């Protein structure tokens, strides 16, 4: 099991705005079996204390399947859940603070421009999310940045870049043709009729990318 971000290609996000808590374990298992490398638990506007049991369950499932586990937004919560890392946004403090609060876990940062990506890399982020590439209900307040800087951002930073935002199997080829090597997918996976097969289809396409 390789938990280093540079070994990941398919980053799945288990977003509780799309998935009921009672369905989360099954969805997590299907994502793992479908071939995601890492699962992030995202639970916006929910008290982290009430989610600790779920997070520990997701931790067990990901560990049993050899996948990494990331918690969104809450470094202390990530530490208590024994996650592999925490993912923070532009307004969530410094990378150093997130790493200290999490007990030394991996730290990822959301970025929305090449300039922000460069800052995150200099601050010591282990990986970045870059987007949203396309309009998405997950980030309704962010204007889509498009595909124009996908290749450039990977030339400017040495850490892994996960393109994110409205990526689905239907537009994955365009994203990869623009230079992406890693992607994070949310609604495309979670709203699929067959989550496992959808992940496998994404994985099959990504495995052709060096």
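The values are calculated or read from the model by the stated rules, or taken from the named source; none is laboratory data. Bear in mind that the values here come from a model prediction, so they are computed numbers and not experimental data. Quick reminder, even Gly has a Cβ in these numbers, built from the backbone with ideal geometry, and neighbours come from all protein chains shown.
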Next item on the list: Mind listing whichever residues of segment 96-128 are within 15 Å of residue 152 (Cα to Cα), surrounded by fewer than 16 Cβ atoms within 10 Å (Cβ to Cβ) and out of contact with any helix residue (DSSP H, G or I) (no Cβ under 8 Å at 6 or more places or on another chain)?
Entry: 113, 115
Note to self: What's the total number of residues in segment 174-197 that are assigned to a loop (DSSP other than H, G, I, E, B) and under 16 Å from the mean Cα position of the chain (by Cα)?
What the structure shows: 4
Notebook entry, point to check: Which residue pairs have Cβ atoms under 9 Å apart, sit 6 or more places apart or on different chains, and have a first residue in segment 160-172 that is on the phi > 0 side of the Ramachandran plot and at pLDDT 95 or above and a second that is buried (at least 19 other Cβ atoms within 10 Å of the Cβ) and not in a loop (DSSP other than H, G, I, E, B)?
Noted result: 165/129; 165/130; 165/184; 166/188
Notebook entry, point to check: What's the number of the condition residue 152 fails, among (1) touching a helix residue (DSSP H, G or I) at 6+ places or on another chain (Cβ under 9 Å); (2) over 25 Å from residue 28 (Cβ atoms); (3) surrounded by 15 or more Cβ atoms within 10 Å (Cβ to Cβ)?
Noted result: (3)
Item checked: Inter-residue pairs, beta-carbon under 7 Å, first without any contact (Cβ under 8 Å) to a residue 60 or more places away in the chain and in segment 192-210, second part of a loop (DSSP other than H, G, I, E, B), 6+ apart -> 201/169
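Residue-by-condition table, conditions (1) assigned to a loop (DSSP other than H, G, I, E, B); (2) closer than 23 Å to residue 181 by Cα:
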{"position": "76", "(1), (2)": "no, no"}
{"position": "79", "(1), (2)": "no, no"}
{"position": "107", "(1), (2)": "no, yes"}
{"position": "116", "(1), (2)": "no, yes"}
{"position": "145", "(1), (2)": "yes, yes"}
Check: Within segment 55-73, is there a residue that is farther than 23 Å from residue 200 by Cβ, surrounded by fewer than 17 Cβ atoms within 10 Å (Cβ to Cβ) and touching a helix residue (DSSP H, G or I) at 6+ places or on another chain (Cβ under 9 Å)?
Finding: yes
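Have a look at 104, 131, 93, 108 and point out the one that is in contact with a strand residue (DSSP E or B) (Cβ under 7 Å, 6 or more places away or on another chain) and on the phi > 0 side of the Ramachandran plot.
Answer to the check: 131.
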